[in-house]
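The values are calculated or read from the model by the stated rules, or taken from the named source; none is laboratory data. A quick note: this is a predicted structure, and the numbers were derived from the prediction, not measured. Heads up, the Cβs are rebuilt from the backbone with ideal geometry, glycines too, and the neighbour counts pull from every protein chain shown.
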Amino acid sequence: MTIARDERAALATTLRAVGPDAPTLCEGWTVRDLTAHMIVREYRLDAAPGILISAFAGHTKSVQDKAAEADWDSMVAKFAAGPPLYSPMKPLDRFVNVTELFVHHEDVRRAAGEWEPRAIGPAANKAILTPLKAMAKRAISKSPATVELVTTEGEQVATGGTGPSVRVVGDPLELLLFTFGRAQTRLDFHGDADAVAAVKATKRGF
């Protein structure tokens, strides 16, 4: 098993536990909608561009809405099976899906109300940290402060933005969620109070 496969199995268990109508941190999406998104991303290569490119978003939404009409148990089973053999994500699953799976798992967990961070272990933390370092600088590049992301172990992840310094400290998963624009995180912010507030309020993500 890989970290991505372990997290996929854990997320599938959570999906079954909360059910299709539970909320998520993705605005306007239920768990059914989020699951359809994850399925389309891996099974419908023709619709994948619309996830990131607005010009193709209409087609992607149409395909995703259709995917969301399927039987719930079959949807979860399809997601749990992972990318199909014809998908380029199949051989790259361990590299391209780690951040996607961890973020969306927390999108489900943390939308339900009370939550606590998971203890995910050193191997998973390392698997998150590698892609996080590559993408975080871009995500915080427009921050209204010079943001420094640092792990609780003191390892620097990325620095970006301009203005007064704000240091954001936390475990790799919490920093990943922050980078993807999620507000439901457990992080320590160090810096001028106004600068910290501005950083928290700034849109992040990809």
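Between a first residue in the range 57-80 that is in the same structural domain as Arg44 (by TED's automatic domain parsing) and under 11 Å from Ile39 (Cβ atoms) and a second residue that is part of a helix (DSSP H, G or I) and among the acidic types (Asp, Glu), which pairs have beta carbons less than 7 Å apart while being 6 or more apart in sequence or on different chains?
Note: pairs meeting the criteria are Ala68/Asp33.
Only residues that are within 19 Å of Thr99 (Cβ to Cβ) and either modelled with pLDDT under 95 or not assigned by TED's automatic domain parsing to the domain that holds His190 (or both): list them for the range 141-159, please.
If the condition is that a residue be within 19 Å of Thr99 (Cβ to Cβ) and either modelled with pLDDT under 95 or not assigned by TED's automatic domain parsing to the domain that holds His190 (or both), then Ser141 is the only one that fits.
Of the residues that sit in the range 27-48 and are at pLDDT below 95 and outside any helix (DSSP H, G or I), which one is nearest to the chain's Cα centre (by Cα)?
It comes out as Glu27.
Just the residues that are touching a Phe, Trp or Tyr at 6+ places or on another chain (Cβ under 8 Å) and in a helix (DSSP H, G or I), please, taken from the range 134-156. So that I can check it myself, show each step before the final result.
Keep residues of the range 134-156 that are touching a Phe, Trp or Tyr at 6+ places or on another chain (Cβ under 8 Å), which gives 135, 138-139, 149.
Met135, Arg138, Ala139, listed by residue number.
Kindly provide the set of residues from the range 151-191 that are touching a Pro at 6+ places or on another chain (Cβ under 9 Å), in contact (Cβ under 8 Å) with a residue 60 or more places away in the chain and under 14 Å from Thr202 (Cα atoms), ordered by number.
Selection gives nothing.
If you go through the range 109-127 one residue at a time, how many are outside any loop (DSSP other than H, G, I, E, B) and surrounded by 15 or more Cβ atoms within 10 Å (Cβ to Cβ)? Give the steps one after another, and end with the answer.
Looking only at the range 109-127, we keep the residues that are outside any loop (DSSP other than H, G, I, E, B), and these are 109, 121-127.
Adding the requirement that they be surrounded by 15 or more Cβ atoms within 10 Å (Cβ to Cβ) leaves 109, 124-125, 127.
Counting residues in the range 109-127 that are outside any loop (DSSP other than H, G, I, E, B) and surrounded by 15 or more Cβ atoms within 10 Å (Cβ to Cβ) gives 4.
Listed residues Pro84, Pro131; which is in a loop (DSSP other than H, G, I, E, B) and touching a helix residue (DSSP H, G or I) at 6+ places or on another chain (Cβ under 7 Å)? Please lay out each step first, then the result.
On the way: Pro131 fails: in a loop (DSSP other than H, G, I, E, B).
Just a single option satisfies the conditions, and that option is Pro84.
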